[in-house]
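What follows is a single structure, written as structure tokens, with notes after it.
The values are calculated or read from the model by the stated rules, or taken from the named source; none is laboratory data. Because the structure is predicted, anything quoted here is derived from the model rather than measured. Here the Cβ is made from the backbone with ideal geometry for all residues, glycine too, and neighbour counts use every protein chain on show.
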Amino acid sequence: MFVNAHTDLPKDPSSGSAGKGLILDDHYLWQNFRKDNELAFSMLYNKYTPKLFNYGMHYCADRDLVLDCLQELFSSFWAKRKTLPDVYSISSYLFKSFRRLLLKKLNWRRRFLISLDANSRHSFEITLPFEHTLEQQELETERSEMLKRNLQKLTRRQREALFLKFYNDLNYADIASIMELQVDSVYNIISKALDSLRQEMKG
């Protein structure tokens, strides 16, 4: 546990009656965390750190660096909880904040950077769980080894967008926010990536 979760969450006034219990959606937890509720903070931490860790490990193989970034990120959140914005899409905000911090650290430690395409110096590797997910949704009849080889032919941005879309089930608006792109650009990146994969798999 990141914090000692000893504080009870208040009842959500929108739940109607006390018998219905708590509505523990992300936005509700975020609001309570910003009001010093340690349990809400701990629940967000436990929910998102595995996802963010997995995401970070696709940028670099330095496990300690990724863990350090996670620790720094959530420590910063707790320290600045009073001034954090009341964001609607918590997942988008967390992924975007973590991505910025990790890329900042990677820029300081250039030995972890690998040039994969002209658009970026950063590597973004897609591992087997994502391959299985994408294979089931888009290329169910094709072999995973062929898919793996063809994924490596995509640009870093294409792989990252596909990872966020199919592995983390984020919508296009959230992906655009995380990658700091326009929504139309994300549509185009994913569409072109899938078209490229289909052509490669047919060939």
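Could you go through segment 105-112 and let me know if any residue there is assigned to a loop (DSSP other than H, G, I, E, B) and either at pLDDT below 85 or in contact with a strand residue (DSSP E or B) (Cβ under 6 Å, 6 or more places away or on another chain) (or both).
Within segment 105-112, the subset assigned to a loop (DSSP other than H, G, I, E, B) is 109.
Next, only the ones that are either at pLDDT below 85 or in contact with a strand residue (DSSP E or B) (Cβ under 6 Å, 6 or more places away or on another chain) (or both) stay: 109.
Yes: one or more hits.
For segment 180-194, enumerate the residues that are in a helix (DSSP H, G or I) and free of Cβ contacts under 8 Å to residues at least 40 places away in the same chain. Spell out the reasoning first.
Looking only at segment 180-194, we keep the residues that are in a helix (DSSP H, G or I), and these are 183-194.
Listed by number, the residues that qualify are 183, 184, 185, 186, 187, 188, 189, 190, 191, 192, 193.
Can you pull out every residue in segment 35-45 that is of a type in the set (D, E, K, R) and outside any helix (DSSP H, G or I)? Spell out the reasoning first.
Within segment 35-45, the subset of a type in the set (D, E, K, R) is 35-36, 38.
Those that are of a type in the set (D, E, K, R) and outside any helix (DSSP H, G or I): 35, 36.
Which ones in segment 46-63 are part of a helix (DSSP H, G or I) and surrounded by 20 or more Cβ atoms within 10 Å (Cβ to Cβ)? Step through it out loud before you land on a result.
We begin by selecting, within segment 46-63, every residue part of a helix (DSSP H, G or I); these are 46-57, 63.
Result: 48, 52, 55, 56.
Test each condition in (1) modelled with pLDDT of 95 or more; (2) closer than 30 Å to residue 149 by Cβ for residue 56 and report the one that comes out false.
(1)
Limited to segment 64-84, what total is found for residues that are without any contact (Cβ under 8 Å) to a residue 24 or more places away in the chain and either surrounded by 17 or more Cβ atoms within 10 Å (Cβ to Cβ) or more than 16 Å from the chain's Cα centre (by Cα) (or both)?
Counting residues in segment 64-84 that are without any contact (Cβ under 8 Å) to a residue 24 or more places away in the chain and either surrounded by 17 or more Cβ atoms within 10 Å (Cβ to Cβ) or more than 16 Å from the chain's Cα centre (by Cα) (or both) gives 6.
Looking only at segment 150-194, count how many residues are surrounded by fewer than 15 Cβ atoms within 10 Å (Cβ to Cβ) and either among the hydrophobic types (A, V, I, L, M, F, W, C) or in contact with a strand residue (DSSP E or B) (Cβ under 8 Å, 6 or more places away or on another chain) (or both).
Count: 2.
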